[in-house]
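One structure is given below, encoded as structure tokens.
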Amino acid sequence: MANEFARSDLSRVYNQLIARINQWDHEYYALDNPSVPDAEYDQAFRKLLELEAANPELISPESPSQRVGAKPIAEFKKVAHKVRMLSLANAFSLKETYAFFERAAKELNLNRSSVQIFSEPKLDGLAISIHYDNGIFSYAVTRGDGQVGEDVSHNIKTVRSIPIKLATSDPPLKLDVRGEVFMPKAAFEKLNQLALQNGGKVFVNPRNAAAGTVRQMNPKIAASRDLRFIPYGIGEYEGEQHFKLQSDIIDYLITLGFRKNPHSYAFLGSPDEFEKNYHIMEQAREDMPMEIDGIVYKINSLQLQKSLGFIARSPKWAVARKFPAKNVSTRLVDVEFQVGRTGVLTPVSRLEPVFVGGVTVSNATLHNMDEIERLGLCIGDRLEIHRAGDVIPKVVRVVEQGEHRKPIVMPANCPVCGSKVERTIGQAAYRCTGALVCAAQAAEHIRHYASRKCMNITHLGVKLIEVLYSQGIIKNIADIYSIKLSDIASLEGHGEKSARNVLDSIETSKTTRLDVFLCALGIPEVGEEGAKNIAWYFKNLDAIKSASFEQFLQVPDVGPVTAKNLVDFFSEDRNKTIIDKIIKAGVNWPDENDEHPRERILAGQTWVLTGTLEHMSRNEAKAFLESLGAKVAGSVSGKTSCVVAGRDAGTKLTKAEALGVRVMDEATFLSELHQQGSRR
Ligand code: IVH
């Protein structure tokens with residue numbers, strides 16, 4: 001009995017917690033009016049997760065934790081819409097808009113100016129239909145072809161302006177809420193900035209970012225991006241409410257917990273009113289947090305909508321008045337080349353300043369030389385520029401060729417350091433080869449060189465590198481070895497003790513391995529594994545410095561891109577000078593010829609480890625195989641040389657057997673290990 005009470009108490013607390021968090025989400029995401037500080041919200045959320053972890057049987061589908069609970073999906077399920085999802089006809093002027101409603105009024109035998117119009121911003125995202133059963137989120141589907149869409153529930157459920165449970169005690173039996181999923185402008189800029197830093201996918205505009213996020217498999221990715229939803233109508237509906245007007249439907253959806261489309265209102269459709277509305281929306285557009293690409297006008301009366309019906313895929317009672325694209329033309333004055341942290345040269349256009357979409361634009365990225373070629377650009381040409389919202393302006397096309405047009409050429413030498421510029425094989429990118437001397441790349445190179453995976457200079461952290469670099473104390477990696485105690489001791493936040501620690505860690509790091517040093521040089525495409533192979537193949541640095549493209553190609557797993565990068569790097573004398581300075585400063589690797597004391601009998605082979613090994617860790621087994629020259633891969637294929645199967649080996653073992661790949665148990669592996677170990 002006591003337990004029964006405890007149980008019902010617990011579930012009461014749990015349900016209250018859910019209701020509270022859902023209410024806070026509604027205030028924050030739908031009303032823009034949070035009532036609690038973030039810390040309080042986070043604390044409640046943590047408590048909810050703890051309760052659920054301790055009592056998994058309690059977990060309710062209404063819980064906000066269930067938004068990101070889903071696993072990545074394997075494929076999109078097709079779902080038929082119960083009520084078709086229509087699209088809209090476009091109008092590009094007042095004349096076209098008015099003519100559209102004139103036709104409608106005529107068909108209805110009404111005076112065109114007496115028909116009430118409901119106007120809403122046309123949000124630039126993608127259409128979604130969300131199905132609720134008895135007020136609980138059931139599934140969400142894309143528009144697709146209007147009849148059949150794709151189930152994207154896993155991602156849509158993570159959108160916090162969409163209620164999981166409708167805010168009513170009297171929910172309809174069935175309801176499809178239809179509206180637009182979009183990404184606010186600020187969230188889009190942030191996402192792209194992050195992608196630029198991390199080498200991720202950069203989206204062209206917020207609409208593509210929203211669509212790309214909704215149409216991917218992993219709900220964790222969707223949850224990490226700021227998607228929003230605003231409804232504009234309903235599809236299937238079985239409920240008690242009776243609606244007379246489009247605006248009634250919107251009002252009802254707001255009471256259920258959805259967000260309101262700002263600046264939506266009804267007016268009587270005279271030309272003056274349409275004109276006034278257009279100017280209001282044009283003004284409002286710049287300050288709106290999301291992109292809009294026009295205004296949607298709908299006849300407000302649902303009865304009139306029903307009598308008009310639709311043709312083809314669009315209703316005869318609604319039209320989209322599109323804003324003109326923000327395109328203008330201007331002259332290309334010059335092209336400059338910017339060198340990025342990784343040495344890649346990016347062409348940037350210098351334009352005659354031009355006013356577009358509320359700002360003056362004087363430059364636009366051109367991405368790469370392939371893009372310049374595709375556009376057929378020359379300096380002096382008149383170009384069309386497109387700017388959407390806060391997005392970086394884009395060159396669309398050449399409108400008129402300049403009289404004295406000058407071709408755009410990639411400079412032969414880096415504009416920052418003068419080193420040779422080379423094209424990466426098979427890529428559009430050109431790179432400065434002065435990796436160790438180029439100021440544009442220096443800070444990044446020093447950070448990489450000192451990092452844990454490379455020279456492991458433990459006390460020379462990213463922050464200290466930044467300070468020393470900005471003060472001109474270290475300009476390249478060789479300068480690390482001439483840092484003086486006083487250089488660091490005089491810095492804010494450092495004393496003699498910490499300065500001593502830095503110098504000691506530099507000293508300790510001097511004894512290293514050839515492959516580690518090679519990796520630390522930061523040659524594009526030469527990572528830990530590649531460096532190991534190169535060091536093993538050539539045995540000493542002098543041989544590497546003077547190796548040819550063909551010789552590099554002989555190294556296992558070194559392809560033409562890496563081979564060319566290596567040759568380019570060592571052809572730049574100033575890179576070699578820096579390496580010489582480092583060696584002179586005392587960096588060394590004991591006995592180069594004894595780098596890999598074991599015979600590399602497995603060179604060129606690929607091994608796979610699976611299941612649990614009883615006598616050693618996976619990492620030990622991997623290190624051992626690598627010391628014998630094998631590559632250790634994560635999956636089995638026809639190219640796998642051998643699979644070591646420990647206890648409870650699963651699909652990898654089955655696959656190896658199916659492919660006829662050699663399989664070895666741990667005991668056999670150990671006896672081989674022993675044999676090899678005793679050969680040292
Ligand atoms: S109404 C039958 N209202 O625009 C009515 N659509 O170009 C169908 N859109 O597929 C749509 N904001 O994705 C409507 N306030 C709004 C809208 C809107 C954006 C999108 C929607 C639709 C597309 C048609």
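The values are calculated or read from the model by the stated rules, or taken from the named source; none is laboratory data. From a predicted model like this one, the values you see are computed outputs, not experimental measurements. Heads up, the Cβs are rebuilt from the backbone with ideal geometry, glycines too, and the neighbour counts pull from every protein chain shown.
In table form, for the structure just shown:
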read-out	value
Pairs, first touching a residue at least 24 places away in the same chain (Cβ under 8 Å) in the stretch 277-299, second in a helix (DSSP H, G or I), C-beta under 6 Å, six or more apart	GLU291/PRO206; ILE292/ARG285; ILE295/MET281; LYS298/GLN246; ILE299/GLN305
Test result for GLY294, within 16 Å of the ligand (Cβ to nearest atom) and more than 30 Å from ASN22 (Cα to Cα)	yes
Hits in the stretch 394-414 - residues which are closer than 28 Å to LYS581 by Cα and surrounded by 15 or more Cβ atoms within 10 Å (Cβ to Cβ)	CYS414
Close pairs from the stretch 415-428: first among the small types (Gly, Ala, Ser), partner assigned to a loop (DSSP other than H, G, I, E, B), Cβ under 6 Å, at least 6 apart	SER419/THR433; SER419/GLY434; SER419/GLU572; ALA428/ASN368
Failed item in (1) crowded, with 16+ Cβ neighbours inside 10 Å; (2) away from the ligand (no atom under 15 Å from the Cβ), with LEU308 passing the rest	(2)
Members of the stretch 223-239 found to be under 22 Å from LYS260 (Cα atoms) and away from the ligand (no atom under 16 Å from the Cβ), listed by number	ALA223, ARG225, ASP226, GLY239
Residue satisfying all of: in the stretch 605-639; touching a Gly at 6+ places or on another chain (Cβ under 9 Å) and basic (Lys, Arg); farthest from GLY530 (Cα to Cα) among these	ARG618
Criterion (within 30 Å of ASP665 (Cα to Cα), touching a residue at least 12 places away in the same chain (Cβ under 8 Å) and not in a loop (DSSP other than H, G, I, E, B)) met by exactly one of PHE624, PHE569	PHE624
Residue that is nearest to MET290 (Cα to Cα) [pool: residues in the stretch 197-229 that are β-branched (Val, Ile, Thr) and surrounded by fewer than 21 Cβ atoms within 10 Å (Cβ to Cβ)]	VAL204
Pair list, Cβ < 7 Å and 6+ apart or interchain, from the stretch 340-352 residues that are among the acidic types (Asp, Glu) to residues that are crowded, with 16+ Cβ neighbours inside 10 Å and part of a strand (DSSP E or B)	GLU352/THR330; GLU352/ARG331
Failed condition for ASN22, given (1) in a helix (DSSP H, G or I); (2) loosely packed, with under 15 Cβ neighbours inside 10 Å; (3) touching a strand residue (DSSP E or B) at 6+ places or on another chain (Cβ under 9 Å)	(2)
Condition check for LYS95: in a loop (DSSP other than H, G, I, E, B) and more than 25 Å from MET217 (Cβ to Cβ)	no
Helices (runs of 4 or more DSSP H) enclosed by the stretch 116-216 - at least 2 residues per element that are away from the ligand (no atom under 16 Å from the Cβ) and touching a residue at least 24 places away in the same chain (Cβ under 8 Å)	153-156, 185-198
Which numbered condition VAL83 misses (of (1) within 16 Å of the ligand (Cβ to nearest atom); (2) modelled with pLDDT of 95 or more; (3) closer than 30 Å to GLU27 by Cα)	(3)
Condition met for ARG405 (without any contact (Cβ under 8 Å) to a residue 40 or more places away in the chain and within 27 Å of the chain's Cα centre (by Cα))	no
Breaking point among (1) more than 16 Å from the ligand (Cβ to nearest atom); (2) closer than 28 Å to VAL204 by Cβ; (3) surrounded by 15 or more Cβ atoms within 10 Å (Cβ to Cβ); (4) of a type outside the set (A, V, I, L, M, F, W, C), for SER93	(3)
